[in-house]
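*Asks:* Once you've had a glance at the structure underneath, I'll fire off some questions.
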Amino acid sequence: MRIEDLVDAIRVMETELPADVERRLREALRRESGLSKMIMEAIIENIEYAKERHLPICQDTGILEFFVRCSEGHEVIREKITEAVKRATEEVPLRANTVNPFTRENEGRNLGRFHPIVHFEGVGKEPDVVEIDIIAKGAGSENVSASFMLDPTQGIEGIKDAVLHAVSKAGAKPCPPIVVGVGVGGSLERSAYFAKKALLRPLDHKNPDENLAKLEEELLERVNALEIGPMGFGGRTTAMGVLLEWGNCHTASLPVSVNIQCWALRRISLEWRESDFRILR
């Protein structure tokens, strides 16, 4: 696994949206009218300009999170990811976003204590293959994400209410049209992990669980019925998708997290097979 490959992948992620995300934004443009349509036209122009000029799509290049599946060499991979983030900060460039939460001191390389954030998720589809998903989360959307510890008796309706409450409270702050990642179950911190993990699923890939796929569709309809609209100016498209991930939880708990993502859903998937490197979008 080469550091150069990681740096190039981060550059692609920050300057070019995945095809499924751009497709949903263009569909939203066709649905909107008036001021909302003008906003969507500006978003599409921004996407095209960034891709043409090889510039970051947003001035907030986010905090990068890495989801790694491999059989061994965790420390070596972590070291390579750290070096790649440091180099990408200079070369892409990435805005230096990571600070000490108490002093607000910024070391200037997007590193620092427990950074970059790397999740090791076990072995991938083949033992000798290294798989990495990366997502860039800006503060505008991350700041309005939320976690809830529901009473289990609240059930499915409680989950729906939590999602709608989080989106309604967020309003225009996360730069809609948004994508909503929902994590259910696990524990407090695990539900938040599920919610962010859900954002890695392509928007045109239905949930493999038929009942959850229907729940995602219902939630998307209800979120769009809020009519917050593009950048909060009203309209038919508040969200491009609602994506749900889950895990078993304690019998007396119902953890729910909602991770909201702005229209610039910057994610990328990578794969190494010996010396062969591929970007999978």
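*Asks:* For segment 260-272, indicate whether the set of residues that are assigned by TED's automatic domain parsing to the domain that holds residue 10 and at positive phi is non-empty.
*Replies:* Looking through segment 260-272, none of the residues is assigned by TED's automatic domain parsing to the domain that holds residue 10 and at positive phi.
*Asks:* Within segment 167-281, which strands (runs of 3 or more DSSP E) (wholly inside it) include 2 or more residues that are surrounded by fewer than 20 Cβ atoms within 10 Å (Cβ to Cβ) and not small (Gly, Ala, Ser)? Full working, then the answer.
*Replies:* Values: elements: 178-186, 239-249, 254-261, 266-273, 276-280.
The qualifying strands (runs of 3 or more DSSP E) are 239-249, 266-273, 276-280.
*Asks:* Here's a follow-up. Would it be correct to say that residue 184 is touching a residue at least 12 places away in the same chain (Cβ under 8 Å) and under 16 Å from the mean Cα position of the chain (by Cα)?
*Replies:* Values: touching a residue at least 12 places away in the same chain (Cβ under 8 Å): yes; under 16 Å from the mean Cα position of the chain (by Cα): no.
No: the conditions fail for residue 184.
*Asks:* Any residue at all in segment 4-16 that is in a helix (DSSP H, G or I), on the phi > 0 side of the Ramachandran plot and small (Gly, Ala, Ser)?
*Replies:* The answer is no, given that none of the residues of segment 4-16 is in a helix (DSSP H, G or I), on the phi > 0 side of the Ramachandran plot and small (Gly, Ala, Ser).
Okay, residues lined up against (1) without any contact (Cβ under 8 Å) to a residue 24 or more places away in the chain; (2) closer than 19 Å to residue 135 by Cβ:
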{"residue": "243", "(1), (2)": "no, yes"}
{"residue": "248", "(1), (2)": "no, no"}
{"residue": "252", "(1), (2)": "no, no"}
{"residue": "257", "(1), (2)": "no, yes"}
{"residue": "262", "(1), (2)": "no, yes"}
{"residue": "267", "(1), (2)": "no, yes"}
{"residue": "271", "(1), (2)": "no, yes"}
{"residue": "275", "(1), (2)": "yes, no"}
{"residue": "279", "(1), (2)": "no, yes"}
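*Asks:* Taking into account only those residues within segment 151-163 that are surrounded by fewer than 17 Cβ atoms within 10 Å (Cβ to Cβ) and closer than 13 Å to residue 222 by Cα, which is farthest from the chain's Cα centre (by Cα)?
*Replies:* Within segment 151-163, the match that is farthest from the chain's Cα centre (by Cα) is 157.
The values are calculated or read from the model by the stated rules, or taken from the named source; none is laboratory data. Everything numeric here is computed off the predicted structure, so don't read it as measured data. Here Cβ is always computed from backbone atoms with ideal geometry, including for glycine, and neighbour counts include all displayed protein chains.
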